[in-house]
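Take a look at the structure set out below.
The values are calculated or read from the model by the stated rules, or taken from the named source; none is laboratory data. These numbers come from a predicted model, not from an experiment. Because the Cβ atoms are built from the backbone with ideal geometry, glycine has one as well, and the counts that use them run over all protein chains shown.
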Amino acid sequence: MTNADSDSGPVVNHRRPLSCWAIGIDRAGWLRVCPAQVLRGLLMVGVLLWGWGLMALPVRAESLTDLQRLFRNTVCRHCDLSYANLAGVNLSDAYLGDTDLVGTDLQGALLDRANLTRARAIGASFAQVRADHANFSNADLSGANLAQAHLEAARLNRATIVSASLEGSILHQAELTEADLRDSNLTRANLSQADLTRASLTYARLNQADLRGSILRGADLRQTDFSGADLTGADLTDTNLEKAILCGARLADGKVSRQGCPRSPAGDTIKGGKF
């Protein structure tokens, strides 16, 4: 069983950390979690700080414990990693359940199969991360940047993803049951075969999104923008499509809709959906 399959894990008391280059781990640890550009930057910055007599960092020793334990054990339950710079690090299979990731920079990080259940990641950057099969269930990703994130078969059930950016993200076969995606940007996102049962997508933007074969049973799609989206084979049973924009969208039956197009009558219907 991987960490992504379990919500259990050792409880560790943590303080606010710094970035990966500020912690003391062995060479193998550096090479495993820190990208090459960070290591090169560390060498240059270290030389400058040493020359200026500023090598000592103005932080408590226990402030570094969070990242040390995370990178050595990849287990960091209830950690405070808020505002840390973790861009490009390898956290595959890591356990980050209930962790504070508010404002954390994880751009380009590897999070395959990682467990972030109930994580608080408001305003965090997950841009271009690879998090296939990761577990974000019940996490708070409000205002987070997940643009071009690779989240294939990821679990985001009951996650709060309000006003987030998921533009160009890959969510093929992802689980988003009862997820709150209100006012989020999913332009050009790949949601093919994703499960969005009872998800809330009010005011969300899914322009040119790939929703082929997706499940949207009971989803709230009021005033959702599906302009140019592909809904071929999608299950829209019992959805609420009141004032939804479907201009140029390919509907479940393969027909192209004109609903919501400027100066065009809204005459299209979708089987199972209520307008």
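Tabulated values for the structure
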quantity	calculated
Any pair with Cβ under 8 angstrom, 6 or more apart, that starts in the range 247-259 at a residue that is farther than 12 Å from Gln208 by Cα and among the basic types (Lys, Arg) and ends at one that is modelled with pLDDT under 90 and part of a loop (DSSP other than H, G, I, E, B)	Lys255/Asp268; Arg258/Ser264; Arg258/Pro265; Arg258/Ala266; Arg258/Gly267; Arg258/Asp268
Which numbered condition Val59 fails, given (1) at pLDDT 70 or above; (2) part of a loop (DSSP other than H, G, I, E, B)	(1)
Qualifying residue in the range 259-275 (condition: assigned to a strand (DSSP E or B) and either modelled with pLDDT under 95 or among the basic types (Lys, Arg) (or both))	yes
Among (1) within 17 Å of the chain's Cα centre (by Cα); (2) more than 29 Å from His133 (Cα to Cα), the one test that Gly248 misses	(1)
Criterion violated by Phe136 - all others in (1) crowded, with 24+ Cβ neighbours inside 10 Å; (2) under 26 Å from Gly233 (Cα atoms); (3) not hydroxyl-bearing (Ser, Thr, Tyr) satisfied	(2)
Subset of the range 170-197 [under 16 Å from Phe226 (Cα atoms) and of a type in the set (Ser, Thr, Tyr)]	Ser184, Thr187, Ser192
Ser163 vs. criteria under 19 Å from the mean Cα position of the chain (by Cα), part of a loop (DSSP other than H, G, I, E, B) and surrounded by fewer than 20 Cβ atoms within 10 Å (Cβ to Cβ)	yes
Check on Ser192, farther than 23 Å from Ser125 by Cβ and surrounded by fewer than 24 Cβ atoms within 10 Å (Cβ to Cβ)	yes
Test: residue in the range 67-88 that is crowded, with 21+ Cβ neighbours inside 10 Å, of a type in the set (S, T, N, Q) and part of a loop (DSSP other than H, G, I, E, B)	no
So Arg158, is it part of a loop (DSSP other than H, G, I, E, B), over 15 Å from the mean Cα position of the chain (by Cα) and of a type in the set (Lys, Arg)	no
Among the candidates Leu236, Leu171, residue that is over 20 Å from Ala121 (Cβ atoms) and either surrounded by fewer than 20 Cβ atoms within 10 Å (Cβ to Cβ) or modelled with pLDDT of 95 or more (or both)	Leu236
Yes/no for Ala149 being closer than 13 Å to Leu171 by Cβ, surrounded by 20 or more Cβ atoms within 10 Å (Cβ to Cβ) and touching a residue at least 24 places away in the same chain (Cβ under 8 Å)	no
Pair list, Cβ under 6 Å, 6 or more apart: the range 173-184 residue β-branched (Val, Ile, Thr), other residue part of a strand (DSSP E or B)	Thr177/Asp195
The listed residue being over 21 Å from Leu176 (Cα atoms) and either free of Cβ contacts under 8 Å to residues at least 24 places away in the same chain or among the acidic types (Asp, Glu) (or both), out of Ala139, Ala119, Ala109	Ala109
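Table: residues versus (1) among the charged types (D, E, K, R); (2) at pLDDT 95 or above; (3) under 22 Å from Glu178 (Cα atoms); (4) crowded, with 16+ Cβ neighbours inside 10 Å.
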site	(1), (2), (3), (4)
Arg198	yes, yes, yes, yes
Leu206	no, yes, yes, yes
Ala249	no, yes, no, yes
Asp253	yes, no, no, no
Ser257	no, no, no, yes
